[in-house]
1. Which residue is least open to solvent (accessible area, probe 1.4 Å), if the candidates are limited to the range 170-184 and must be farther than 23 Å from ALA240 by Cβ and out of contact with any Asp or Glu (no Cβ under 8 Å at 6 or more places or on another chain)?
2. Return the residues of the range 98-118 that are over 30 Å from SER54 (Cβ atoms) and open to solvent by less than 40 Å² (accessible area, probe 1.4 Å); say none if nothing qualifies.
3. Mind counting the residues in the range 154-167 that are of a type in the set (A, V, I, L, M, F, W, C) and open to solvent by 10 Å² or more (accessible area, probe 1.4 Å)?
4. So how many residues does the range 25-59 have that are over 13 Å from TYR112 (Cβ atoms) and in a helix (DSSP H, G or I)?
5. Quickly run through the range 165-194 and pick out the residues that are under 26 Å from VAL210 (Cβ atoms), out of contact with any strand residue (DSSP E or B) (no Cβ under 7 Å at 6 or more places or on another chain) and small (Gly, Ala, Ser).
6. Say whether the condition of being within 19 Å of LYS267 (Cβ to Cβ), among the hydrophobic types (A, V, I, L, M, F, W, C) and touching a residue at least 60 places away in the same chain (Cβ under 8 Å) is met by at least one residue in the range 92-113.
7. When the range 1-30 is examined, which residues are found to be over 17 Å from ALA188 (Cα atoms) and either open to solvent by less than 90 Å² (accessible area, probe 1.4 Å) or among the aromatic types (Phe, Trp, Tyr) (or both)?
8. Identify the residue in the range 185-219 that is touching a His at 6+ places or on another chain (Cβ under 8 Å) and surrounded by 14 or more Cβ atoms within 10 Å (Cβ to Cβ) and, among all such residues, is nearest to ALA8 (Cα to Cα).
Amino acid sequence: MAKFAATALFVYLIYCGLLFSLQRQVLFPRYMSPSPGATDTTKMGIEVLWLETSFGKVEAWYLPPAAGSAAAPAAAVIFAHGNGELIDFWPEEFKRFPAMGVGLLLVEYPGYGRSAGSPSQGSISETFTRAYDQLAARPDVDPTRIVFFGRSLGGGAVCDLAAKRPAAALILMSSFTSVRSFAIRYLAPSFLIRDPFDNLAVVRDYGGPVLVIHGRFDEVIPFGHGNALHAAARNGKMIAYDAGHNDCPPDWEVFWQDVEGFLRDAKVL
């Protein structure tokens, strides 16, 4: 029995070592994302920005408010996408932000798309902090009305940013309490997680308005994560849709009505 236990322990330690070394390939599957296509940024009114970081340049796209939709300086949203996506996916989907008079900054992750570096909580934190500072310094942006919006993994990026820079409001869509909470799925101790993204701790400390959006049937990040984030928020609102992870929201028109209502209640609009 002792020999069997020792063998089992040895195999488990090897397993944990593999998980530790390979976890970033799971959390940041950048090589599975499609190659960025050719986007006519000029035609779409996109201002391409290159953020200078300690590991190279990271791309960001800024979509200003539509002409005549808002008086300068205007509100703005910083958006962080999911781990299998690129900023290229979102200008068309999120064109309602500029239409309602809100600037939109899409920030790429290090190592994704055309950007330098490798993704980690540290490199993402540096990137988004640089992005915020550059956005807040613009004369056409009101730094007191910058909203942080994260989808899935992006919730970790914007919560990390909210711990370092002021946000007028937080929007967390299909996001998680922390990456450590998933360790049990792999029968591994949580201290092995290299990029914890503790969203729950940030939401507990954040005093501004928080909108949590989650699909009731989310098969990737269970609905309970959204409930826990909402319960932790001091000034929180929860919107649940009959959807999974990748089809949330199921009705974009309803989504935009919900988001616009939240931004008005938060006095961003």
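The values are calculated or read from the model by the stated rules, or taken from the named source; none is laboratory data. Bear in mind the structure is a predicted one, so any value in this text is a computation, not a measurement. Here the Cβ positions follow ideal geometry from the backbone for every residue, glycine too, while neighbour counts run over all protein chains shown. Accessible surface areas use protein heavy atoms only, side chains included; no ligands, DNA or RNA. Shrake-Rupley method; radii C 1.70, N 1.55, O 1.52, S 1.80 Å.
1. Within the range 170-184, the subset farther than 23 Å from ALA240 by Cβ is 180, 183-184.
Okay, now just the ones that are also out of contact with any Asp or Glu (no Cβ under 8 Å at 6 or more places or on another chain), so 183-184.
Numbers: ALA183: 6, ILE184: 133 Å².
Only one residue fits best here, namely ALA183.
2. Filtering the range 98-118 down to residues over 30 Å from SER54 (Cβ atoms) leaves 98-102.
Those that are over 30 Å from SER54 (Cβ atoms) and open to solvent by less than 40 Å² (accessible area, probe 1.4 Å): PRO98, MET100, GLY101, VAL102.
3. Filtering the range 154-167 for residues of a type in the set (A, V, I, L, M, F, W, C) gives 157-159, 161-163, 167.
So of that shortlist, the ones also open to solvent by 10 Å² or more (accessible area, probe 1.4 Å) come out as 162-163, 167.
Final tally of qualifying residues: 3.
4. Looking only at that region, the number is 2.
5. Within the range 165-194, SER178, SER181, ALA183, SER190 meet the criteria.
6. Among the residues of the range 92-113, at least one is within 19 Å of LYS267 (Cβ to Cβ), among the hydrophobic types (A, V, I, L, M, F, W, C) and touching a residue at least 60 places away in the same chain (Cβ under 8 Å), which makes the answer yes.
7. Filtering the range 1-30 for residues over 17 Å from ALA188 (Cα atoms) gives 1-7, 28-30.
Once the filter is applied, which keeps residues that are over 17 Å from ALA188 (Cα atoms) and either open to solvent by less than 90 Å² (accessible area, probe 1.4 Å) or among the aromatic types (Phe, Trp, Tyr) (or both), the range 1-30 yields ALA2, PHE4, ALA5, ALA6, THR7, PHE28, PRO29, ARG30.
8. Here is the first cut: in the range 185-219, the ones touching a His at 6+ places or on another chain (Cβ under 8 Å) are 210, 212, 214-215, 218-219.
Next cut, surrounded by 14 or more Cβ atoms within 10 Å (Cβ to Cβ) only: 210, 212, 214-215, 218.
On the way: VAL210: 45, VAL212: 42, HIS214: 39, GLY215: 39, ASP218: 34 Å.
Restricting to residues being touching a His at 6+ places or on another chain (Cβ under 8 Å) and surrounded by 14 or more Cβ atoms within 10 Å (Cβ to Cβ), the top hit is ASP218.
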